[in-house]
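J.: Here's a structure for you.
No value in this document is a laboratory result; all are computed from the given coordinates. Just so you know, these numbers come straight off a predicted model, no measurement behind them. Please note: Cβ atoms are built from the backbone with ideal geometry, for glycine as well, and neighbour counts cover all protein chains shown.
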Amino acid sequence: MTARIIDGKAVAAGLRQRIAARVAGLGYRPGLRVVRVGDDPASGVYVRNKDKAAKEVGFDSATIALPAETTEAELLAVVAQLNADPAVDGILVQLPLPPQIRAEVVISAVAPEKDADGFHPLNAGRLASGQAGLVPCTPKGVMHLLAASGAVLPGARAVVLGRSNIVGRPMAQLLLAADCTVTIVHSRTRDLPAECRRAEILVAAVGRAEMVRGDWIAEGATVIDVGINRLADGRLVGDVAYAEAAARAEAISPVPGGVGPMTIACLLENTLDAAIARRAPRGG
Ligand code: NDP
């Protein structure tokens, strides 16, 4: 079997087009502010890509670049200003933050209704208890990819490799909400390959280059590779050994060109949803 490729670039382009069409009909431009602290080069690329994509769909987008020595209190003051600004619908504080700033404090300071990343504990709690809220962009993007791939989710055995707050945990919650039977595996799991082999849907978000080998994949599985790992020779690879896995899977997302483009598209979708929810006339 050679797997179908789940083309994240194409799915993301379609999603961005639908977002642009919705924005054109709004009569206002949703406001997105990306806050960057310091000059981590990888963050710089992400932030520029987010800003460009936001402008392309018609958002009022701007980046606030703060020096590496910014204190936690200074960053919290910027977040408070954005929380209070009626033109701002979505706020994203780019991670990682410098060591003098506690990420969890900053994440909790973002107004939950403007939490474009979906990382605020209130939104995490809403997701875990099945209520509507803003959902982290990467797992949300994976759900779009699964839908585009035609995978049948209700009743499917899904295995999520990784349990971080930004990918693994919310991923498991979304799959559970879609009626999968979900297993989360991590660094303390006994016999990872055996657990992964039980998966009809396997989502790898572990941050270890090509850790998931072909013989960890069940014949006919759908494999979504969230990992982004740069090898010494400069190549970008996922958490899954792609060629080996593609020989057994029914469908697989590549790296690059799989989940990566979806994350930005879902940031735009979250910001648009936040704008509509926040600006809607309240009942009563
Ligand atoms: P984290 O480092 O926060 O979490 C990694 C998870 O993998 C942890 O739960 C950890 O387990 C588990 N893990 C690590 N090593 C092993 C191992 N040897 N065996 C089993 N489990 C292991 O990473 P993130 O969730 O933030 O990111 C995961 C990957 O996804 C990275 O490659 C990252 O670059 C990529 N990523 C891609 C995005 C995109 O847009 N495509 C967006 C965000 C992330 P434990 O909890 O037990 O320590």
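J.: Separation of segment 233-284 and segment 49-83 by C-alpha centroid, Å?
T.: 21 Å
J.: Taking GluC sites (Glu not before Pro) as exposed when DSSP calls them loop (any state but H, G, I, E, B) and at most 13 other Cβ atoms lie within 10 Å, what is the longest stretch of the chain free of them, the sites themselves excluded?
T.: 70-218
J.: Using only the alpha-carbon atoms, what does segment 1-133 span along each of its principal axes? Please give whole angstrom values in decreasing order.
T.: If we take the Cα atoms of segment 1-133, the spans are 50, 44, 34 Å.
J.: Expressed as a fraction of 2.2 N^0.38 Å, the rule-of-thumb size for a compact globular protein of N residues, what is the C-alpha radius of gyration of the chain?
T.: The value comes to 1.01.
J.: Above 13 angstrom, tally the Cα pairs of segment 21-70 and express them as a % of all pairs, no decimals.
T.: 58 percent
J.: If R₀ is 22 angstrom, what is the calculated FRET efficiency for the pair Thr181 and Ala147, using the beta carbon separation as r and rounding to 0.05?
T.: 0.75
J.: Take peptides 88-94, 160-166, 211-217 and line them up by average Cβ neighbours within 10 Å, highest first, as a rough protection proxy.
T.: By packing density, highest mean first, the sequence is 88-94, 160-166, 211-217.
J.: Here is a follow-up. If you wrap segment 147-277's Cα atoms in a convex hull and average its projection over all directions, what's the area in nm²?
T.: 8.6 nm²
J.: Percent of Cα-Cα pairs more than 16 Å apart in segment 243-284, please.
T.: Result for the distance tail: 60 percent.
J.: Can you classify segment 86-189 as rounded, prolate or oblate using the Cα gyration tensor, where a ≥ b ≥ c are the square roots of its eigenvalues, rounded means a/c under 1.5, and otherwise it's prolate if a/b beats b/c and oblate if not?
T.: Prolate is the answer for segment 86-189, as a/c is 1.5 or above and a/b outweighs b/c.
J.: Okay, moving on. Between Glu244 and Ala103, what's the calculated FRET efficiency when r is the beta-carbon distance and R0 is 45 Å? Round to 0.05.
T.: Computed FRET efficiency for Glu244 and Ala103 comes out at 0.80.
J.: Find the cysteines in the chain that fail to meet the 4.7 Å Cβ criterion with every other cysteine, and list them.
T.: Taking the Cβ cut-off of 4.7 Å, the unpaired cysteines of the chain are Cys180, Cys196.
J.: Which one of Thr271, Thr70, Thr181 has the biggest mean-square fluctuation once the chain is modelled by GNM with Cα springs under 10 Å?
T.: So, out of Thr271, Thr70, Thr181, the one fluctuating most is Thr70.
J.: With a 10 Å cut-off between alpha carbons and a GNM built on the chain, which of Gly258, Gly234, Gly125 moves the most?
T.: Among Gly258, Gly234, Gly125, the largest GNM mean-square fluctuation belongs to Gly234.
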